[in-house]
2 protein chains.
Amino acid sequence: MTTRWLDDTELATWVRLAAVLELLPGVLDSQLRRDSELTHFEYYVLAMLSEAPKHTLRMTSLAQQTNATLPRLSHVVRRLEDRGLVERFPCPEDARATNARLTAKGWEKVRETAPGHVATVRQHVIDALTPEQITQLSAIAESILSTLDPDGNLTALYHRYDTTPRPDR
Amino acid sequence: MTTRWLDDTELATWVRLAAVLELLPGVLDSQLRRDSELTHFEYYVLAMLSEAPKHTLRMTSLAQQTNATLPRLSHVVRRLEDRGLVERFPCPEDARATNARLTAKGWEKVRETAPGHVATVRQHVIDALTPEQITQLSAIAESILSTLDPDGNLTALYHRYDTTPRPDR
DNA sequence: TGGTGATGGTTGTAGCAACAACTATTCAAC
DNA sequence: GTTGAATAGTTGTTGCTACAACCATCACCA
């Protein structure tokens, strides 16, 4: 089994993408920590809840949407609960399950945090690209995701906004 | 100061890119841990050394190229040293500085690790895209990096492979 | 020469994430 | 109904990263 190495163009692309992968999460995280005392993951958890019906989700589905293991989510939600941003209660339909719900304070937190986060995304991604490039990047990311996230767990939320939804499976 | 929210296309693009940001590092890390018992960061440190003259770099410049803080790099290099993959010695020109150098065993490790890593990159990124998309992504990533890494620290290595180098500044 | 600030690096401590072990509930089969 | 397997979640341990404190050396200059 001989290795197919990357040619010049492929290597250049990969090195640049790897650099984005390395730097962008840190920038997003810093802004949120600094301005809202939230990690990027915590913000994402709150954001998912804020988009859910009744601001409520089962722990399991929340874990799927955020690409977290259940143990990790459990710890994070407990900390958010300690801060009064989220509350947990047993699921009525399934006594094994636990629901997480955004509190009023948590909802408030999301609303005051979102503008700064969006501004950061704009500054470092959207506004750095031309409209054409944004369209191109959308297709590129979708292709990459076809192997990474074939069921679309992480983009489930977005599909409600999608004007050209995927065919049903 | 009113917020400029993302329109549908922008949001779709961002959600997908965010998903890639979330998933891809984990996939790369898993493959390296499983097949070579290295974290992605450790592999990157070894790779940078393997590309350097005499397989040697100052800790400070190694930290820059890998986007690490000096304390973090210090810990990681110590562990790599314990495993016999790297050795440290005082810099002759500056008694404050420390040089890190790849050992023969470390060089061997890089050579046997690279094929699997490249295969993973191919599988999840390069081979998922058309040649046109690869070119597009290269330009897109470069635009994004212009605000994230204006000095090109993380892509310094690559510039030697670049067939169309940037204009001097 | 001998202070002062800046640079280069290491070590100790605290917090977060991955993994494993455990409890409790549900579902299916007999 | 009772046993066994699968599901849902929590809690404890280990390892890595960020942050802070610290030491040594260099460069500058009075």
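The values are calculated or read from the model by the stated rules, or taken from the named source; none is laboratory data. All of these numbers come straight from a predicted model, not from anything done at the bench. Every residue, glycine among them, receives a Cβ derived from its backbone with ideal geometry; neighbour counts consider all protein chains shown. With ligands, DNA and RNA removed, areas are computed over all heavy atoms of the protein, side chains included. Shrake-Rupley method; radii C 1.70, N 1.55, O 1.52, S 1.80 Å.
Miscellaneous remarks
- Other-copy label distances relative to A:Thr69, 7 angstrom Cα-Cβ extension, nm: 2.5
- Charge dipole of the protein assembly as shown about the Cα centre (unit charges at C-beta), most positive-ward option of A:Val15, B:Ala119, B:Tyr44: B:Tyr44
- Interface of A with B. Using a 1.4 Å probe and counting protein heavy atoms only, the two chains hide about 6100 Å² of accessible surface, both sides summed.
- Chain B residue nearest by beta-carbon to the axis mapping B to A, with distance in Å: B:Gln136, 2.
- Comparing Cα centroids, region A:1-58 and region B:1-51 end up 6 angstrom apart.
- Structural descriptor for chain B: relative contact order 21 percent, calculated from alpha carbon pairs under 8 angstrom and at least 6 residues apart.
- Label geometry 7 Å along the beta-carbon vector: B:Pro115 inter-copy distances in nm: 5.7
- Charge tally for B:Val20 (other residues, Cβ to Cβ under 12 Å; Lys, Arg +1; Asp, Glu -1): -2.
- With Cα atoms defining each centre, region A:67-138 and region B:98-131 are spaced 34 Å apart in the structure.
- Of all lysines in the structure, those lying under 26 Å Cα to Cα from A:Lys54, and not within fewer than 8 positions of it along the same chain, are A:Lys105, A:Lys109.
- Across region B:19-110, Cα pairs under 8 Å and at least six residues apart give a relative contact order of 26 percent.
- Under the Karplus curve 6.51 cos²θ - 1.76 cosθ + 1.60, θ = phi - 60°, whole-Hz ³J(HN,Hα) for region B:26-33, x wherever Gly or Pro sits: x, 5, 4, 4, 4, 4, 5, 4
- Net charge of the neighbourhood of A:Leu129, taken over other residues with C-beta under 11 Å away and scored Lys/Arg +1, Asp/Glu -1, is -3.
- Sorted from nearest, the other copies put their B:Pro92 label points 7.9 nm away, the label point being 7 Å from Cα in the direction of Cβ.
- Theoretical ellipticity at 222 nm over chain A - DSSP helices of four or more residues, -39500 (n - 2.57) apiece, nearest 500: -20000 deg cm²/dmol
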